[in-house]
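Engineer: Dropping a structure here in structure tokens format, bear with me for questions.
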Amino acid sequence: WVAAGGLATGTRADAHAQLRSSVPADGELVQESPNEVVITFTEPPDPDLSTIRVLDSTGAPATSGPQQVDPDHRQMRAPVQDLADGVYTVSWRAVSQTDGHLTAGSYTFGIGVTPPPADEGGGELVTSSPSVLAVSGRAALYWGLSLLLAAGSLAVLMLGAGGVPRAIVASAWGMAALGIVLMIFAEANAVGVSVGSMVTTATGRPLVQQAIAIGVAGLGVAAYMRWRDRLPLAIASVAAAVAMLVHAGAGHAGAARSWRWFDVGVQWAHIVATGLWIGGLVWLLLTVTRLDGAMRTRAVTWFSAFAGLNLAVIVATGVARELDEIGGLGNLGSLLDTSFGVALLIKTGLFVVLVLFAARNRFRNVPRLRNDPSNTRSVARTVAAELVVAVGVLGVTGALSQLPPPVDLQQTSSRASDRVVVRGSDFATTLKAELTVTPGTVGPNRFELELTDFDTGEPVDATRAALDFSFPERPELASRLELEEEGPGSWSANGTQLALNGSWEVRALVETGTDSVEVALELRTRRPPQDIQVTTQEGQPTVYTIRLDGGSSVQSYVDPGKEGPNNVHFTFFDDAGGEFAVRDLTATATSPDGEIVELETREFSPGHYVSNAELEAGRWEFDFSGRGPGDQTVSGYFAHTIDP
């Protein structure tokens with residue numbers, strides 16, 4: 001009975017196939033159409049039950065062939081058409097091949113167009129919540145297997161083969177059988193397929209294997225009902241242990257990339273020890289009421305020692321698994337922020353209650369029983385109370401097993417809308433280069449270059465890496481940025497090379513010993529989110545007020561705003577409402593057909609600039625960048641529709 005501690009330190013919670021990363025990433029701006037969309041999950045997806053859909057802005061499918069699922073690498077791949085510039089939505093649905101849990105979600109990426117913020121374009125992650133059917137099935141399975149396991153070991157030792165009640169053995173098998181049936185139906189309902197379809201998939205296979213083991217246990221139970229011998233009970237007990245092993249392998253422990261046998265073994269030891277404790281409580285209660293005198297005292301004392309041994313096993317294995325689930329001691333705070341953590345804390349509270357009952361039995365009731373073997377009432381009441389609390393513990397365990405642990409949530413990918421990623425390879429296709437620019441806007445940026453072998457995907461051992469930047473319309477802006485090595489195949493540096501909004505030609509220069517390789521990349525800067533207020537007044541130009549850092553702002557307008565010659569104004573104000581000086585102001589206008597036109601700016605006053613522009617009818621985008629007080633970069637953009 002003191003083995004309750006293991007349940008509080010944790011029967012491990014199965015997890016979900018969370019999205020770990022994707023190419024393109026959520027919110028990513030890429031410069032050209034990818035050949036495929038690749039999603040990597042925290043657990044291997046079931047090939048028969050998992051899907052990816054790629055949709056354009058009209059909702060039309062953009063895939064070009066059947067998806068491919070690679071469970072070994074936990075990936076799904078969907079080939080796509082040659083996509084035009086625009087924003088695309090990836091809708092995915094994954095059923096974990098490890099534990100059968102369903103997750104689904106969506107995200108956006110842009111080709112030449114910055115995708116909207118997460119609260120406007122990203123889909124909400126949906127996971128399969130614990131259902132009454134699933135929780136009930138798991139609780140019944142746990143109870144049934146625990147009683148069968150203990151019946152072939154503890155019960156025979158305490159009561160003898162002929163003294164184990166057939167009705168309880170039959171009821172135990174009935175609970176296990178009912179539990180696995182409920183779990184099969186719950187799984188089919190959760191993933192939205194028929195039972196017949198589900199049991200033929202990789203997700204259904206462990207459930208079928210557990211059902212077979214329970215069937216073998218049923219044969220042993222049937223034989224015991226007929227002959228009341230030790231061997232049938234032993235068969236039922238071994239079959240229950242096998243079902244527990246399959247159950248352990250079908251959980252998150254079975255998803256380990258390395259040392260899988262060790263993780264599954266630890267989890268199995270935890271489940272077996274817990275089963276011996278729970279089942280042993282029932283058989284202990286029978287022992288107290290059925291045996292006489294010295295035999296009763298001997299059985300209770302023996303079980304107390306056996307329970308202490310189980311406690312050591314359960315606590316050690318439970319702590320090991322839980323630390324793995326939450327990502328180590330440093331992440332204990334995550335227990336307060338997740339459903340998994342809340343459920344675990346509830347189990348901890350139940351554990352405290354069980355410890356109090358255990359202490360009462362250990363230090364009060366057992367000594368009394370030794371002095372007076374007929375005084376069984378107190379022991380029986382305490383054990384019965386423990387069983388009532390154990391019902392709650394296993395119920396919480398059934399719910400906990402349906403929740404994703406914190407470590408999986410930590411591994412999921414974050415939105416990449418604050419960066420630009422471009423990829424390419426050299427002409428001879430010897431290496432691949434991935435350049436990540438953060439934040440990817442005009443001004444200071446962080447440049448990170450990842451170099452991998454084209455065929456193997458392994459990091460390339462380079463001796464030098466640099467980036468050459470050029471802006472076709474402004475040759476004088478050409479520059480080079482030397483990168484520093486951060487690790488195998490990883491190079492980075494900070495720089496201000498992106499001085500104008502638009503498309504930049506970037507060449508990655510890589511030296512690998514005696515060879516040098518160039519990778520041509522095209523990088524289009526993104527526009528950062530900004531606070532803009534639009535003011536319209538009849539007979540007056542539309543005024544765009546853009547909030548800048550530190551409380552300053554810029555007011556811009558196009559006059560007269562009709563097709564033909566126009567003046568584009570930029571006036572900068574400080575937080576007190578007075579104009580402040582800006583120097584080196586540059587401005588561009590992007591035409592309705594995407595052509596970027598550089599505007600010549602003239603200074604009217606230190607904070608007021610104007611540009612002449614010949615504008616055709618349609619929607620124009622205007623970008624500006626300059627240097628304000630303290631050499632701080634001031635930049636922004638607005639869009640205005642020119643009337644015919």
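Engineer: At a 1.4 Å probe, what is the % contribution of carbon and sulfur to the accessible area of the chain? Write out the running numbers ahead of the final one.
Structural biologist: Numbers: 15570 of 28110 Å².
C and S fraction of accessible area: 55 percent.
Engineer: Using a 1.4 angstrom probe, figure out how much accessible area the chain has per residue, in square angstrom, rounded to the nearest whole.
Structural biologist: Details: 28110 Å² over 644 residues.
Ligands and nucleic acids excluded, the figure is 44 Å² per residue.
Engineer: Along the charge dipole of the chain, Cβ charges K/R +1 and D/E -1, which of L585, A273, T514 sits furthest on the positive end?
Structural biologist: A273
Engineer: Sticking with this structure for a sec: Dividing the convex hull volume of the Cα atoms of segment 407-554 by its residue count, what figure in Å³ per residue is obtained? Mind dumping the intermediate values first?
Structural biologist: Values: hull volume 27.5 nm³, N = 148.
Per residue, the Cα convex hull of segment 407-554 comes to 186 Å³.
Engineer: Note down the accessible area of M175, probe 1.4 Å, to the nearest 10 Å².
Structural biologist: 70
Engineer: Would you tell me the accessible area of Y637, worked out with a 1.4 angstrom probe on the heavy atoms of the protein chains, in Å² to the nearest 10?
Structural biologist: 50
Engineer: Round to the nearest 10 and give me the degree value, 0 to 90, for the angle of helix 205-227's Cα axis relative to the longest principal axis of the chain.
Structural biologist: Compared with the principal axis, the helix lies near 10 degrees.
Engineer: List the relative contact order of the chain as a percent without decimals, with contacts defined as Cα pairs under 8 Å and 6+ residues apart.
Structural biologist: Values: 1424 pairs, mean separation 79.4, N = 644.
With pairs under 8 Å counted, the relative contact order is 12 percent.
Engineer: Give the peptides 479-489, 206-216 in descending order of average Cβ contacts within 10 Å, highest first.
Structural biologist: Answer by packing, highest mean first, reads 206-216, 479-489.
Engineer: Against the longest alpha carbon principal axis of the chain, how many degrees, from 0 to 90 and to the nearest 10, is the axis of helix 166-191 turned?
Structural biologist: Its long axis makes an angle of about 10 degrees.
Engineer: Could I ask something else about it? Which percent of Cα pairs goes in each bin when the distances of the chain are cut into 10 angstrom slices starting at zero?
Structural biologist: It works out to 3, 13, 18, 17, 14, 11, 9, 7, 4, 2, 0, in whole percents.
Engineer: Above 22 Å lies some portion of the pair distances; for segment 31-121, what is it as a whole percent of all C-alpha pairs?
Structural biologist: Everything past 22 Å amounts to 28 percent.
Engineer: Where Lys and Arg each count +1 and Asp and Glu each count -1, what net charge lies around T203 among other residues with Cβ under 10 Å from its Cβ? Walk me through the numbers before you get to the answer.
Structural biologist: Working: positive: R205; negative: D46, D48, D99, E187.
Residues close to T203 contribute a combined charge of -3.
Engineer: Can you tell me the dipole magnitude for the chain around its Cα centre, using point charges on the Cβ only (Lys, Arg +1; Asp, Glu -1), in Debye to the nearest 20?
Structural biologist: Charge dipole of the chain: 6520 debye, to the nearest 20.
Engineer: Related question: For the chain, what is the mean residue ellipticity at 222 nm derived from helices alone (per DSSP H run of n ≥ 4: -39500 (n - 2.57); sum divided by total residues; nearest 500 deg cm²/dmol)?
Structural biologist: Calculated from helices alone, the mean residue ellipticity at 222 nm is -12000 deg cm²/dmol.
Engineer: Output the 0 to 90 degree angle, nearest 10, between the alpha-carbon long axis of helix 377-400 and the longest principal axis computed from the alpha carbons of the chain.
Structural biologist: Approximately 30 degrees, to the nearest ten.
Engineer: A further question follows. Quick check on packing: order 281-288, 470-477 by the mean number of other C-beta atoms within 10 Å, highest mean leading.
Structural biologist: Values: 281-288: 22.8, 470-477: 12.6.
Order by mean packing, descending: 281-288, 470-477.
Engineer: Follow-up. For segment 508-644, rounded, prolate or oblate, judged on the Cα gyration tensor with a ≥ b ≥ c (square roots of eigenvalues), a/c < 1.5 rounded, else prolate if a/b > b/c? All intermediate terms of the calculation are to be shown ahead of the outcome.
Structural biologist: Details: a/c = 2.40, a/b = 1.48, b/c = 1.62.
Since a/c reaches 1.5 but b/c is at least a/b, the shape of segment 508-644 is classed as oblate.
Engineer: Mind giving me the nanometre distance, one decimal, between the label points for S91 and N189, set 7 Å out from Cα along Cα→Cβ?
Structural biologist: 2.5
Engineer: Would you work out which of T601, N494, I168 lies farthest towards the positive end of the dipole of the chain, given +1 charges on the beta-carbon of Lys and Arg and -1 on that of Asp and Glu, about the Cα centre?
Structural biologist: Going by the charge dipole, the pick is I168.
Engineer: Taking a virtual spin label 7 Å from the Cα of Q555 along the C-beta vector, which residues in segment 575-607 bring their backbone nitrogen under 20 Å of it?
Structural biologist: Once the point is set 7 Å along Cα→Cβ of Q555, 575-583, 602-607 turn out to lie under 20 Å by backbone N, inside segment 575-607.
Engineer: Let me ask something additional. Would you calculate the separation in nanometres between label points at A359 and R230, each defined as 7 Å from the Cα along the Cα-to-beta-carbon direction?
Structural biologist: Each label point lies 7 Å from its Cα, and together they span 3.9 nm.
Engineer: Now, a different point. Which whole-number percent is the relative contact order of segment 425-464 (Cα, under 8 Å, 6+ apart)?
Structural biologist: On the way: 51 pairs, mean separation 14.3, N = 40.
About 36 percent, as a whole number.
Engineer: Stretched out fully, how many nm does the piece from W261 to R446 gain, at 0.36 nm a residue minus the Cα gap? Numbers along the way, then the final one.
Structural biologist: Numbers: separation 185, 0.36 × 185 = 66.60 nm, distance 4.22 nm.
The W261-R446 span can extend by a further 62.4 nm.
Engineer: Among Q18, A241, L55, which residue has its Cα positioned farthest towards the positive end of the charge dipole of the chain, with +1 placed on the Cβ of Lys and Arg, -1 on the Cβ of Asp and Glu, and the dipole taken about the Cα centre?
Structural biologist: A241
Engineer: Compare W620, W173 by solvent-accessible area with a 1.4 Å probe and give them largest first, with all protein chains kept in place. Provide the component values of the computation, followed by the final result.
Structural biologist: Values: W620 10, W173 85 Å².
Per-residue accessible area, sorted high to low, gives W173, W620.
Engineer: Modelling each spin label as a point 7 Å along the Cα-to-Cβ direction, I'd like the A312/A576 distance in nm, to one decimal.
Structural biologist: About 7.7 nm, to one decimal.
Engineer: Give the peptides 48-57, 452-461 in descending order of average Cβ contacts within 10 Å, highest first.
Structural biologist: Details: 48-57: 18.7, 452-461: 12.8.
Per-residue mean Cβ counts within 10 Å order the peptides as 48-57, 452-461.
Engineer: Zone of E616 (label point 7 Å along Cα→Cβ, backbone N under 15 Å): which residues in segment 555-583?
Structural biologist: So the set is 563-565.
Engineer: What is the calculated FRET efficiency for T536 to H608, with r their C-beta to C-beta distance and R₀ = 22 Å, to the nearest 0.05?
Structural biologist: Details: r = 21 Å, r/R0 = 0.97.
With a Förster radius of 22 Å, E is 0.55.
Engineer: Could I ask something else about it? Hey, any idea what the orientation-averaged projected area of the convex hull of segment 422-482's Cα atoms comes to, in nm²?
Structural biologist: Numbers: hull surface 20.6 nm².
Result: a mean projected hull area of 5.2 nm².
The values are calculated or read from the model by the stated rules, or taken from the named source; none is laboratory data. Only a predicted model underlies this, so the values are computations on that prediction, with no experimental measurement involved. Note: ideal-geometry Cβ built from the backbone for every residue, glycine included; neighbour counts use all protein chains shown. Keep in mind that these areas ignore ligands, DNA and RNA; they rest on the heavy atoms of the full protein, side chains included. Shrake-Rupley method; radii C 1.70, N 1.55, O 1.52, S 1.80 Å.
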